[in-house]
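Shown next, in structure tokens, is the structure this report addresses.
The values are calculated or read from the model by the stated rules, or taken from the named source; none is laboratory data. A quick note: this is a predicted structure, and the numbers were derived from the prediction, not measured. No Cβ is skipped: glycine too gets one built from the backbone with ideal geometry, and neighbour counts run over all protein chains shown. We work out accessible area using only protein heavy atoms, side chains counted, and drop any ligands, DNA or RNA first. Shrake-Rupley method; radii C 1.70, N 1.55, O 1.52, S 1.80 Å.
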Amino acid sequence: MQVRRRWTGWMSVIGLVGCLEARKAEAPDTATTEYVDCGDGLLATTESACPEPDPAPEADPERCTGAGAGADLHVPAEYPTIAEAIEAARDGDRICLASGTYEESVHIDGQQITIVGMGATTQLRGTGHQPALTVSGPLSTLDLEHLTLRGSGKRDCDGGAGLRAEDADVVLTDVSVRDFEMTCDDDDLVWGSTGAGIYIRGGSLRLIDTEVVDNAQWGHKGRGAGIALFDTNAWFERVRVQGNVSWSTDALGAGVYAESTRLEVSDSVFSGNELHGAPGASLVAGAALFAMDSTVELHHTDVSDNHIRSSEADLAGGAGLRLQDCDVRLDDVLLQDNTVVLSGLGTAHVYGGVIAASIHTRGSLALTNVELLNNTANVGTSGSIVSILGLGIYVEGDTSPRATVALDHVRFDNNAAWASAIDVGSIHGLGLYVEGVDVEGRHIVAVDNVADARLAVSGGLIGGHTTHVDLDNVIVAGNRMDAPTVAEGLVAAIGALPSSAAPGDGLWLSHADVYNNVIGAQLGDAGLVSAGGSGHVHLSHSNIEAPRTSPVTDWNAAIVAVEGGPDHLQLDHVNVWNLDGIHRAFSVENEGVEVDTMAFDPLYTDTTSDFARDWDLRLQSTSPAIDAGDPTCTDPDGSTCDLGAFGGPLGSW
């Protein structure tokens, strides 16, 4: 499964650096002749001999042709400043800026205008502690095109050092918002340092071919160093949110912070955004995006190389995305090289290394064609307890009826987690961890993921409790899970669901290939799936290789252990192979049971590579797993179901 990359170009706003060569007269012998200083290092014998100054630059005629609904007002040719042009403008007019740097704080109140520059050579820098550009009033609309908003100095506390808009409709096209800084040390403020680059409350925001980069905030309660959105509708098209940094107590959303907002993002990049927990921090979350009480859609977008780092915070989540009571849809999204690093003296917990979601009053999560690749979480403290729940994705909820997490073509590849502490270091759910929500998934891949914890590791694909998990057409291969001391409830291959409260909770797994997963530990509940309490385990039409253990592990069961009685374990056309002959394959209520299964090598096409991502787990033509399923089940070609991830009605990936 590959994430499709649908766009490759980049926008014109990426910083143009011009090199101006001034022709300078060779300095004559000033000891014998007197000369007039013409400026710019040029000398002449008389003032009249000085060259004529260059005419004031004009705005690009291709961008200001008078084709708009109103008049064109040129700065500085007709109006010396932008503020004077705005004062003279009427609704529908266009203000055309020549190249240059404009050091003024511009305010638009109740007007409907367009401001057009000449690209990166046109820069607006605010003065003092005021935003560079303020738009206010319910009748205000602003189209800002082809220029740069660049920071100058710091703005204290109140939101929006670059662009601040309230109850207005704003569109930015080919604009760079960069290098703005905010600082706030007032603990009494509710929000503190918010929206250093862009701050929007009410109204709407549309960003097109725009970048929001290298903005920063420090101090109390940082929210959205790049962009902060409140009660608004926002659309991002081909936008780069990069290099924004928040060093704050309770730092949330270094790239974007969204509250009570509808946000739709397409063909965009969130990269290099960082959250740092300042002294006194308790929570750092959502390095690329933090959203609450919002609707969020990401399409054809990269969320890569974002980071959470703290030696102070005891709780972190979502180096990529942190979502609280949100309806979320991700489609064709790559989440890559995001990291969480917590270190310090106390207890530390990571809830969702890449994506963290909580659903209490509302919410849903749907992922289609999403890849989580090369992400890491490292929690190492001298405290007594550290944990990582859901290296890839963490979702918890308590709604009635339960919310559903929908996964379709989702890949967890080469992610790694480490958890160490004096007493307890645990990792649960290398792919995802769910609690109080249900999961429906198909075409799921978990390969080459690694977990190393001091005490316990569970769930190579999934961990959690109080959940019903239904997965079809799954590959879990080449994962390694180590717990060098003791591992209670350790499960390498699929998952651990330690307790389930509702009837029907547990794991339903159909058409899976589970191959070459390695466990290093002293003891464990089960090698494949562990379900506690009233949890069920139902496996069908799958090829399951017993986990490879190093050292040999003292299993309760090598494959599946359930506590809820014989009717809680069901197997239907399951091939279990490569058992060591020492450990029982299945246990029910902590007692061994005999279960009728097949036992053969499924003969995969190619597993010679050192990396599972390169394996071809389709069946060879002579495989005994071909047509070995239930006769009432059919493959896409109409034949009886094959066992494994490429069999059954969904066998065509």
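Database remark: amide H of Y199 closer than 5 angstrom to the amide H of L163, R164, A165, A228 (H placed geometrically; neighbours at sequence offset of 5 or more, or on other chains; Pro and chain starts carry no H). Based on C-alpha pairs under 8 angstrom that are at least 6 apart in sequence, region 209-295 has a relative contact order of 32 percent.
Think of region 302-358 as having a plus end and a minus end, set by charges on the Cβ of Lys, Arg, Asp and Glu; of V333, A357, L315, L315 sits farthest toward the positive end of this dipole.
The portion of the accessible surface of region 254-312 made up by carbon and sulfur, rounded to a whole percent, is 42 (1.4 Å probe; DNA, RNA and ligands excluded).
Of the peptides 468-481, 241-254, the ranking by mean beta-carbon count within 10 Å, highest at the top, reads 241-254, 468-481.
Rounded to 0.05, the FRET efficiency of the A77 and I208 pair, given R0 = 25 Å and the Cβ-Cβ distance, is 0.35. At an R0 of 41 angstrom, the distance between the Cβ atoms of R584 and D606 translates into a FRET efficiency of 0.80.
In the context of the full set of protein chains, region 68-174 has a per residue accessible area of 39 Å² (1.4 Å probe). Per-residue extension of 0.36 nm, minus the Cα-Cα distance of T347 and T101, leaves a gain of 83.6 nm for this segment. Would you tally the net charge around P624, using a Cβ to Cβ cut-off of less than 11 Å, leaving P624 out, and scoring K and R as +1, D and E as -1? Summing Lys/Arg as +1 and Asp/Glu as -1 gives -3.
Taken along the Cα-to-beta-carbon direction at a fixed 7 Å, the label points for E237 and D627 span 5.3 nm. Rolling a 1.4 Å probe over the protein heavy atoms gives region 213-309 an accessible area of 24 Å² per residue. How much of the accessible area of region 349-456, in percent, comes from carbon and sulfur atoms when a 1.4 Å probe is used? Carbon plus sulfur share of accessible area: 51 percent. Other residues with beta-carbon under 10 Å from the beta-carbon of D635 carry, at +1 per Lys or Arg and -1 per Asp or Glu, a net charge of -3.
Below 13 angstrom from the Cβ of L263, what's the summed charge of the other residues (Lys, Arg +1; Asp, Glu -1)? Spelling it out: positives minus negatives among the neighbours equals -4.
The dipole here belongs to region 581-639: it is taken about the Cα centre, uses +1 on the Cβ of Lys and Arg and -1 on the Cβ of Asp and Glu, and is about 120 debye.
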